[in-house]
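Every number in this text was worked out from the coordinates using simple rules, so none of it is lab data. This structure is a prediction, so every number in the text was calculated from the model and none was measured. Neighbour counts run over all protein chains shown; Cβ positions are idealised from the backbone, glycine included.
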Amino acid sequence: MIGGISRRILDQTRKVVVGREEETRLILECFLARGHVLLEGVPGISKTLLARAFAKSLGLEFKRVQFTPDMLPLDIVGGFVYNQVKNSFEFRRGPVFTNILLADEVNRAPPKVQSALLEAMQELQVTVEGHTEPLPTPMIVLGTENPVEFQGVYPLPEGQLDRFTMRIVFSYQPLEVETDVLQRNLEDIDFGEVEPVVSPSELKDMIEEVQRTKVTREMLGYLAKLGQAMRADSRLDLGPSPRALVQLLHCAQARASLEGRSFIIPDDIKARSDAVLAHRLRLTREVSLKGLGTNPSKVIADTLEKVEPPR
């Protein structure tokens, strides 16, 4: 069932977004793994377009927030306002109360506003002045960010990066695909073409199917060995947290389920290691100066090569 529904979702997003099938699949896997996604790329590369099309194909409530340097935390989570008719304060919900929240250019807001999402992303609830409100479920944050070299952006703190299950890097398209993109945009894009192709009950069943995907003790040991090997790597100041390994496990379950398997294999972990771990790791200053920059993907690849998977 889950494979057929995923193909229908990909077909719907393809109506308005050209050449982003792999990115759509990764977002779907993260959604089924009950995580959140960070979409990184230069402006104008279809990050927001894909988020809107994905939300509509699922038939879920979608809200978009444009992050700016003058935002306040209450602009995200909401707060208490005075009701003159009732002569009392009442809680007014912010845009975070939705199924799919597009946090557009999340790294343009100051750190205090970025941190306002932490409780919502981790606990699926919001607390303001001692008042706690649960968020609707399912709920996923799709955060878009520009590369840190751009002016007017703030690097996301490690605590918030660790809440994003995956980081998906949007690169420029190959020649043939970009030609198709130009062809598609000769006319205005009509989101009316995108139709919901999955019911709320089917979504619930898909998430539960992913949770039932079998994981052997040997696979858990393999994942733990990968985490400890990266933490011991002298090239890293910060290795993967236990939360990162748990989220990698959930994404491996989602990938296995979309592949039509009821159990995970080492290739599921290997295929999602970079998307789940790279944004959480921090290289030492010495290694960065030697030319690896801020991308620890080589450390991940070397670890995957070194640690023997179960047979």
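From the largest down, the chain spans 67, 41, 40 angstrom on the principal axes of its Cα atoms. A Förster radius of 35 Å, combined with the Cβ-Cβ distance separating GLU178 from LEU289, puts the computed FRET efficiency at roughly 0.50. Here's how it looks for PHE80: its modeled amide H is under 5 Å from those of ARG92, which are all 5 or more places away or on a different chain.
Straight-line cross-link partners of LYS306 among the lysines, defined as a Cα under 24 Å from its Cα and at least 8 positions apart when in the same chain: LYS225, LYS270, LYS290, LYS298. Counting only DSSP beta bridges with both residues in the chain, the antiparallel share comes to about 40 percent.
Normalised by the number of residues in the chain, the average gap of Cα pairs under 8 Å and 6 or more apart makes the relative contact order 22 percent. Exposure proxy ranking for SER297, SER201, based on other Cβ atoms within 10 angstrom of each Cβ and starting from the fewest, stands as SER201, SER297.
Rounded to the nearest 20, the Cβ-based charge dipole of the stretch 1-157 about its Cα centre (Lys and Arg +1, Asp and Glu -1) stands at 600 debye.
On full extension, the segment bounded by VAL246 and LYS63 gains 63.1 nm, given 0.36 nm per residue less the C-alpha separation. A Cα-only calculation for the stretch 1-58 places Rg and Dmax at 11.0, 36 Å. Neighbour counts of C-beta atoms inside 10 Å place MET166, MET219 in the sequence MET219, MET166, starting with the fewest.
Name the most mobile residue of PHE89, PHE191, PHE97, meaning the one with the largest mean-square fluctuation, in a Gaussian network model of the chain with Cα contacts below 10 Å. Checking each option, the largest mean-square fluctuation is seen for PHE89.
One Cα centroid belongs to the stretch 213-291, the other to the stretch 39-117; the line between them spans 29 Å. Summarising the amide proton neighbourhood of LEU283: residues at separation of 5 or more, or on other chains, whose placed amide H is nearer than 5 Å comprise ASP237.
Residues of the stretch 59-74 with the amide nitrogen closer than 18 Å to a label point 7 Å from the Cα of PHE91, along Cα-to-Cβ, please. Those under the cut-off are 73-74. Of the GluC sites (Glu not before Pro) found in the stretch 25-106, those that fall in a DSSP loop while having at most 16 other beta-carbon atoms within 10 Å are GLU61.
Here LEU101, LEU289, LEU124 are placed in order of increasing Cβ neighbour count within 10 Å, fewest first, which gives LEU289, LEU124, LEU101. If you run the Gaussian network model on the chain, springs between alpha carbon atoms under 10 Å, then out of PHE170, PHE62, PHE54 the most flexible one is PHE170.
Taken over the alpha carbons of the stretch 173-311 as equal point scatterers, the Debye sum produces base-10 log I(q)/I(0) values at 0.21 Å⁻¹ of -1.12. Please check: in the Gaussian network model of the chain (C-alpha springs, under 10 Å), which one of ASN185, ASN83, ASN146 has the largest mean-square fluctuation. Highest fluctuation of the listed residues: ASN83. Note on ARG282 and GLU195: the model spin-label points, each 7 Å out from Cα along the C-beta direction, lie 5.0 nm apart. Loop-located trypsin sites (Lys or Arg not before Pro) across the stretch 1-104 with a Cβ neighbour count of 15 or fewer within 10 Å are LYS86, with loop assigned by DSSP.
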